[in-house]
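What follows is a single structure, written as structure tokens, with notes after it.
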Amino acid sequence: MAVIALLALPVPPHDGGSGGGTAADAASAVVVLWCVARTVRGARRPLTRTAAVVLGLPVIGIAVAAVGASTVSAGMTGLARYLQIFVLVPAAILVLVRDRRDFRLVAWSLIGLALFQGSLGVYQYVTATGASYMGSDVRAVGTFGPTDVMGMATVVSYGVVCALALALGPASPKQRRAALVCALLLVVPLALSFSRGAWIATVVACGAQLGLAGVRRALRALAVAAAAAVVLVGGFGIGTQLLQERITSITQVTDAPDQSVTDRYTMWAAAVDMWRDEPVSGVGLKAFPDHRDSHASLALSSASDTGGAGAQFSRQPLLSPHNMYLLVLGEQGLLGLCTLVGSWAACLLLGLRRLARVRGGAGVDCALVACGLLVWQLVDFSYADIGGPSTVLMAVVLGLVAWWALSGRALSAPVPGSAPREVPR
């Protein structure tokens, strides 16, 4: 919860995309160290064999790519970052979360952070104090600033997915109504983030959650969503010309792409060319910027313009392909892509299998949270990659996913009035 809460702090403009450590990153290190200390003190095996294999699989590709990095410092920095996000923090959360009550507490914390960042984002849009977009400072970015425009969109999307899952769960009617209200409220700042990738990922994840929850619940939720859309768009006028143009542009990414889409296509092609040069192990961790210009076409612009939200105008260099799969393919090769995606696929399959075991009973809300978050992340990785202060939140989310898919405590109910019991592994 401290990792999540610290992401509400303002990010200095010079740190917003540089990849430098933040207070939340430091808190995640404390989580890992506390997990290690607790494991040593308890003198027990912290992970099952399945969990160790699934979470440890990405280490192979990451380590090989670190050895092939252009410099030792780049290799060590990339190794530490990838292990933090995809291995260490998720494993620590898997070990430390005791039961479904802890899981729901973390999920509600994500919703709380999303409401805070979303409220600030709406204020930025209304008062024109957000990040620069189409000549106006109206883009909602929360505390993440103009150099991490995906930060608030990611946080709010996580909040929508968690809130919808809790609204579809077996909680009391009061809690379900509160969760549904939170989900509907968060749709507004998500729209004002102008993040097409986050929109698409949220629609897919929420659709998957509704389908997994059952047809009847799905129809009721769609009816509520449609009514809310009518009220927001028709009654309050949510749906400006900028927003309508942004939505329309989703269907124009091939016919008439804007410069940001052209840059993305160009960097995607550059990442594929890097993979062709080194198909097995890639060009090395954090080596994409070094090889970009030699593989990219002249259609690529040198940088993107950023400004607003309290920051001066600046040119932000394009240092990644904004596609996690292609970034891993280019820097880590087929070895890294297969091990990392294989780990995610295993979590998804195991999570869905456990969802089938608890369908209609206690724990279905936790299952929908975990599966929804992972589906959102897998879809969003087609339009984004790691980077920026919000990245550490991804590690927390992957930890929740791992807990549901791999922990023996996910399917055990605590005895009322007693301390959480350890389930033999």
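Output ³J(HN,Hα) for region 130-139: one whole-Hz value per residue in order, computed from phi by the Karplus curve 6.51 cos²θ - 1.76 cosθ + 1.60 with θ = phi - 60°, and x for Gly and Pro.
x, 6, 5, 8, 6, x, 10, 8, 10, 7
Once the piece of chain linking VAL53 and SER73 is laid out straight, how much longer is it, given 0.36 nm per residue of separation minus the C-alpha distance between them?
Contour length minus the Cα-Cα distance gives 4.4 nm.
Each label point is 7 Å from the Cα along the Cα-to-Cβ direction; what then is the distance between the points at ARG98 and ALA2, in nm?
1.8 nm
Take the Cβ-Cβ distance between SER136 and ARG45 as r, set R0 to 56 Å, and report the resulting FRET efficiency rounded to the nearest 0.05.
0.50
Counting only protein heavy atoms and a 1.4 Å probe, tell me what percentage of region 1-151's accessible area is made up of carbon and sulfur.
With neighbouring chains kept in place, the figure for region 1-151 is 71 percent.
I need the phi-derived Karplus couplings for region 158-163: 6.51 cos²θ - 1.76 cosθ + 1.60, θ = phi - 60°, integer Hz, Gly and Pro marked x.
Each residue's phi maps through the Karplus curve to give 4, x, 4, 5, 5, 5 Hz.
For the ranges 338-345, 86-93, what's the packing order if you count other beta-carbon atoms within 10 Å of each residue, average per peptide, and put the highest first?
Descending packing order for the listed peptides: 86-93, 338-345.
Given labels modelled 7 Å from the Cα in the Cβ direction, how far is it in nm from ALA80 to ARG357?
Reported label-point gap for ALA80 and ARG357 is 3.9 nm.
Full extension from SER412 to VAL30: what is 0.36 nm times the residue separation minus their Cα-Cα distance, to one decimal in nm?
The SER412-VAL30 span can extend by a further 134.8 nm.
Determine the gain in length on full extension of the stretch THR262-VAL215; use 0.36 nm per residue of separation and subtract their C-alpha separation, reporting nm with one decimal.
Computed gain between THR262 and VAL215 is 13.0 nm.
So, R0 is 22 Å and r is the distance between the beta-carbons of LEU334 and SER382; what FRET efficiency does that work out to, to 0.05?
Rounded to the nearest 0.05, the efficiency is 0.75.
The values are calculated or read from the model by the stated rules, or taken from the named source; none is laboratory data. Since this is a predicted model, take the numbers as computed values, not measurements. Using ideal geometry, Cβ is built from the backbone for each residue, glycine included, and neighbour counts are taken over all protein chains shown. Keep in mind that these areas ignore ligands, DNA and RNA; they rest on the heavy atoms of the full protein, side chains included. Shrake-Rupley method; radii C 1.70, N 1.55, O 1.52, S 1.80 Å.
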